[in-house]
1. How about the stretch 24-37: which of its residues are surrounded by 16 or more Cβ atoms within 10 Å (Cβ to Cβ) and in contact with a helix residue (DSSP H, G or I) (Cβ under 8 Å, 6 or more places away or on another chain)?
2. Give the residues of the stretch 46-84 that are in contact with a helix residue (DSSP H, G or I) (Cβ under 8 Å, 6 or more places away or on another chain) and over 19 Å from residue 32 (Cβ atoms), sorted by residue number.
């Protein structure tokens, strides 16, 4: 085996070891308790973040930020507020 092959094997081993490191959700300070292996290029963290209940969603009507668990009730209130206003154009 060449020295280049050994270096590549060590790099692959190190990379795989990093993928197995335990990571926590970037939103842990907001209350998310998810932890899991980092994954290749942070893929597991990214996949979790896309569905995390603590991520911020923006209301399409008023641009207010809210969480997924609060979005449904926010949309109902927001739509009621918008429908009660009369346009003066």
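Nothing in this text is a laboratory measurement; each read-out follows from the coordinates by a stated rule. Just so we're clear, the structure is a prediction, and the values are computed from it rather than from any experiment. Here the Cβ is made from the backbone with ideal geometry for all residues, glycine too, and neighbour counts use every protein chain on show.
1. Going through the stretch 24-37, the residues surrounded by 16 or more Cβ atoms within 10 Å (Cβ to Cβ) turn out to be 25-27, 32, 34.
Matches in the stretch 24-37: 25, 26, 27, 34.
2. 59, 61, 62, 64
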